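Here is the structure we will look at.
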Amino acid sequence: MITDYSIQAVAINAIPLIFAITVHEAAHGYAARKLGDNTAYLLGRVSLNPAKHIDPVGTILIPLTLLLTGSPFLVGYAKPVPVRFDKLKNPRIDSIWVALAGPGSNFIQALIWAILLITLFGLGVNEPFLVSMSQAGISWNLGLLVFNLFPLPPLDGGRILAGLLPARQSIALGKIEPWGFFVVLALVFTGVIGNFWMEPLIGFFKGAIYLITLPLQMLL
């Protein structure tokens with residue numbers, strides 16, 4: 001039976017998650033277009049329409065499973081934005097910028113949610129729904145940011161690492177891609193990524209957001 005609380009809980013988490021994933025994927029396509037590849041743009045993937053990016057497993061099933069099982073880390077993914085790296089102006093360097101665009105958008109969104117949360121508290125607005133949604137927005141975006149930076153393809157971190165490695169090692173890393181996500185999921189559900197990757201990096205980015213928003217906290 002669905003209760004009012006469960007509907008509210010779904011709304012609190014679903015809205016930030018949909019924004020986090022949609023903007024993440026659109027940012028990849030936008031960066032690729034700016035750097036010379038129109039593939040994602042021509043396919044309608046440089047869009048803030050969630051329907052263009054939602055993946056039934058990565059956007060719905062995995063986050064819902066983690067939420068219902070009480071996982072301390074919330075992660076997910078969308079349909080990857082297609083990028084023709086050979087069409088980029090400087091494929092080796094530009095591929096890194098395209099990969100960084102998604103996690104970068106999540107950091108910016110986490111910062112925006114944090115600013116909203118600080119503003120609510122500073123103005124004495126104790127509206128539980130908005131406060132909870134702001135907190136969820138920070139958690140989802142930091143989770144997606146750190147998860148996607150894991151250095152294994154097809155995640156963004158794997159593409160960044162491939163762009164930084166010498167050609168031979170980069171090609172070898174690329175061969176892992178068909179199996180990479182299964183490896184990553186195994187590491188997620190066994191707690192390896194959570195304990196040794198996500199926990200310390202989320203702490204780092206929370207610290208960065210705290211420092212950036214410190215003037216606002218002092219003002220309010």
### Reach of Lys87 by Cα under 24 Å, taken over lysines that are not fewer than 8 positions away in the same chain
Lys34, Lys52, Lys79, Lys175
### Task
Report, to the nearest 10°, how far helix 91-122 tilts away from the longest principal axis of the Cα atoms in the chain, using its own Cα long axis and a range of 0 to 90°.
0
## Note on the structure
Measuring from the longest principal axis of the C-alpha atoms of the chain, the long axis of helix 199-219 (C-alpha) lies at a number of degrees, nearest 10, equal to 50
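How large is the dipole of the chain about the Cα centre if only Lys and Arg carry +1 and Asp and Glu carry -1, each at its Cβ, rounded to the nearest 20 debye? Provide the component values of the computation, followed by the final result.
Details: 13 positive and 10 negative charges, 155 e Å.
In total the dipole reaches around 740 debye.
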### Query
Which residue, Thr190, Thr22, Thr59, tops the fluctuation ranking in a GNM of the chain built on C-alpha contacts under 10 Å?
Thr190
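For n ≥ 4 DSSP H runs only, could you compute -39500 (n - 2.57) per run for the chain, divide by its residues and tell me the 222 nm figure to the nearest 500? The partial results should precede the final answer.
Values: 9 runs with 146 residues, N = 220.
Mean residue ellipticity, 222 nm, calculated: -22000 deg cm²/dmol.
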### Query
What residue among Gln8, Leu165, Ala78 has its Cα farthest toward the positive end of the dipole of the chain, where the charges are +1 on Lys, Arg and -1 on Asp, Glu, each on the Cβ?
Leu165
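Read-outs throughout are calculated quantities, based only on the coordinates presented, and are distinct from any laboratory measurement. Worth saying up front: this structure is predicted, and the values here are computed from it rather than measured. Here the Cβ is made from the backbone with ideal geometry for all residues, glycine too, and neighbour counts use every protein chain on show.
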